[in-house]
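In what follows, a single structure is set out as structure tokens and then discussed.
We did not get these values from a lab; they are worked out from the coordinates using the rules stated. Here the structure is a predicted model, which is why all the values come from computation and not from measurement. With ideal geometry, Cβ positions are generated from the backbone for all residues, glycine too; neighbour counts draw on all protein chains shown.
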Amino acid sequence: PLPGVYQDFRAVDAGQNLDDDLIPSAKAAGVQILLIRGSLSEMRDGILIAPGPKTLLRFDHDDEPPASTTRTLTPKQRRRFEDVAKQYPDEAFAIAGNTLWKSPNWTVVFRHESIHILALSLDPQSIRASLDQGRDYVAEDWLCDPGGFYFMAENNLGAFDIGDTVPLIPGTHLRANFPIAAKIRLLDDGKIVGETEGSALDYAIQKPGAYRIEAFLTIDGEEHPWIFSNTIYTGKPLAMEPTVDPGSPEVEVRRDISYVAGKPEDAHNHQLDLYLPERKRHFPVMMFVHNGAWRTGDRSMYASFGKRFAKTGIGVAIPGYRLMPQNPHPAQIDDVAAAFAWVCRNIPQYGGDASRLYLAGHSSGGHLVALLALDRDYQKQFQIPAGAIRGVIAISGIYNVGRMPDFQNADDDPSPMGHVHPEAPPFLLTYSQWDFLGLPKQARDFAGALQAAFTPVQLLYVPGQGHVSEMLATLKEDDRLARAILDFIQ
């Protein structure tokens with residue numbers, strides 16, 4: 001499976017006419033989509049029939065023999081070719097195409113060259129959108145299955161796929177991954193700007209351009225084209241509104257409340273801020289844990305987030321916590337557990353309803369709230385009442401940290417994925433279109449594990465946002481993520 005938001009669907013160009021006998025051949029060849037000329041869109045026996053684009057990304061087969069040379073075969077030569085083709089159909093088709101067969105062998109044709117479409121799901125709308133946006137690549141699948149190939153751009157704003165325009169900021173890299181070693185070429189506006197051999201490519205973008213990948217395999221001394229990708233573009237950084245604290249007469253703010261006693265140097269991180277609906281009682285409360293890869297960040301950065309939800313009638317508690325590397329795991333989860341225990345005990349005196357408490361967190365904060373909600377040892381250690389957590393909102397969270405260096409020396413299992421159980425509270429898991437590489441797959445895998453344990457879970461995809469911008473966007477009244485949070489709590 002790909003680490004980003006999209007799945008890789010195999011498509012072939014079925015041309016003008018679609019005969020029913022093509023469907024069994026497509027299934028036998030592992031094809032999921034037949035692209036046709038016309039407007040027909042339907043599913044037939046698990047195969048999506050969809051209109052193709054006006055122009056298809058494809059290889060140029062300049063080395064194919066002209067048809068005139070194939071008509072001079074003697075009967076003996078044709079019989080010999082047909083015998084060889086039975087034993088090596090894919091290689092024979094690569095040499096001669098369909099010109100030497102009495103009738104087309106559609107299974108061989110369909111497993112030869114494919115248009116791989118990167119889409120959210122196998123439905124006409126998703127496939128049409130991906131084709132329109134150029135989210136595809138062509139592969140000679142008969143040479144090698146390209147499953148696992150990806151070509152993406154990454155920076156501190158998120159990860160961007162084929163067809164996207166990546167905001168060009170310092171630290172922007174192009175990354176390509178292949179299932180086997182190949183000869184890799186990186187092109188910018190059609191000119192080769194980098195070449196390497198191997199199963200991966202990493203290239204720092206220094207200037208604007210239109211970048212695509214070509215990969216070749218050498219077989220028996222001959223170089224064959226294998227993968228041609230569509231383009232990743234570069235553009236100006238996304239226009240993101242800064243986090244502003246506008247103030248609101250509808251919200252009461254209580255800052256710098258100590259939730260646990262600790263070392264004097266940790267006093268600031270052992271405090272929380274409350275954002276409370278003014279003149280209301282018995283309101284639900286969401287404790288939000290900030291991001292920062294367990295190493296950076298501060299609760300003060302989320303004042304606008306707290307006020308945004310307090311104005312809707314939801315109390316918000318935002319704690320600080322000790323940061324790595326000065327404070328290795330489990331300092332972070334210990335502090336989050338201590339902060340939530342404080343909320344359980346004390347929120348009624350501020351008007352909150354202790355029977356309606358929710359955990360929320362972004363990125364590494366999503367990891368911490370998911371771990372607290374699932375690991376009953378932490379709940380017992382900090383005397384958090386059973387059932388106190390009514391629900392968990394994990395935004396672009398990290399649910400499997402087992403291979404991360406910061407957790408290698410942990411005495412416990414710090415991955416939420418390892419603590420899934422049937423008594424868990426409901427979850428809302430989200431990821432965005434330009435999220436960090438790997439997080440969409442982690443969200444899907446974690447949602448599957450929760451569902452397998454009969455835990456209620458909602459999985460939300462947020463289009464048009466990245467790992468950073470998705471939080472800023474929640475300040476807007478019509479934001480999809482903000483609406484999902486409100487619906488989940490209310």
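The slack in the chain from Tyr88 to Arg255, taken as 0.36 nm per residue of separation less the alpha-carbon distance, amounts to 52.7 nm. Remark: spin-label model distance Tyr461-Lys183 equals 3.7 nm, labels positioned 7 Å along the Cα→Cβ axis. Our coupling estimate for region 351-363, obtained by passing each phi through the Karplus curve with A = 6.51, B = -1.76, C = 1.60 and θ = phi - 60°, is x, x, 9, 5, 8, 10, 10, 10, 9, 9, x, 10, 6 Hz, Gly and Pro reported as x.
As a ratio to 2.2 N^0.38 Å, the alpha-carbon radius of gyration computed for region 294-341 takes the value 1.31. Taking amide hydrogens as placed 1.01 Å from N in the peptide plane, the amide H of Val166 sits under 5 Å from those of Tyr233, Thr234, Gly235, each at least 5 positions away in sequence or on another chain.
In terms of overall dimensions, region 266-409 has a Cα radius of gyration and Dmax of 14.4, 48 angstrom.
The charge dipole of the chain, taken about its Cα centre with unit charges on the Cβ atoms of Lys, Arg (+1), Asp and Glu (-1) only, comes to about 1020 debye. For region 166-310, the extents of the C-alpha atoms along the principal axes are 77, 34, 28 Å, listed from largest to smallest. Note on Lys27 and Gln7: the model spin-label points, each 7 Å out from Cα along the C-beta direction, lie 1.7 nm apart. The calculated FRET efficiency for Lys311 paired with Ala267, based on their beta-carbon distance and R0 = 30 Å, is about 0.50. Among the listed pairs Lys183/Lys207; Lys280/Lys307; Lys236/Lys476, a Cα-Cα separation exceeding 18 Å is found for Lys183/Lys207; Lys236/Lys476. With both residues required to sit in the chain, DSSP beta bridges show an antiparallel share near 60%. Rounded to whole numbers, the Karplus 3J(HN,Hα) couplings from phi for region 435-443 are 5, 5, 4, x, 5, x, 5, 4, 5 Hz, using 6.51 cos²θ - 1.76 cosθ + 1.60 with θ = phi - 60°, and x at Gly and Pro.
With a ≥ b ≥ c taken as the square roots of the eigenvalues of the C-alpha gyration tensor of the chain, please select rounded if a/c is under 1.5 and otherwise prolate if a/b is larger than b/c or oblate if it is not?
Prolate, because a/c is 1.5 or more and a/b exceeds b/c.
The distance separating the Cα centre of region 169-208 from that of region 247-298 comes to 44 Å. In plain terms, the chain from Asp145 to Asp412 could stretch by 92.2 nm, reckoned as 0.36 nm per residue minus the Cα-Cα distance. Once backbone amide H atoms are built at 1.01 Å from N, His116 has Ala11, Tyr137, Val138, Ala139 as its partners under 5 Å, excluding neighbours fewer than 5 places away on the same chain.
Each residue of region 19-30 was assigned a 3J(HN,Hα) from its phi angle through the Karplus curve 6.51 cos²θ - 1.76 cosθ + 1.60 (θ = phi - 60°); the sequence is 8, 4, 6, 6, 5, x, 5, 5, 4, 5, 8, x Hz, with glycine and proline shown as x.
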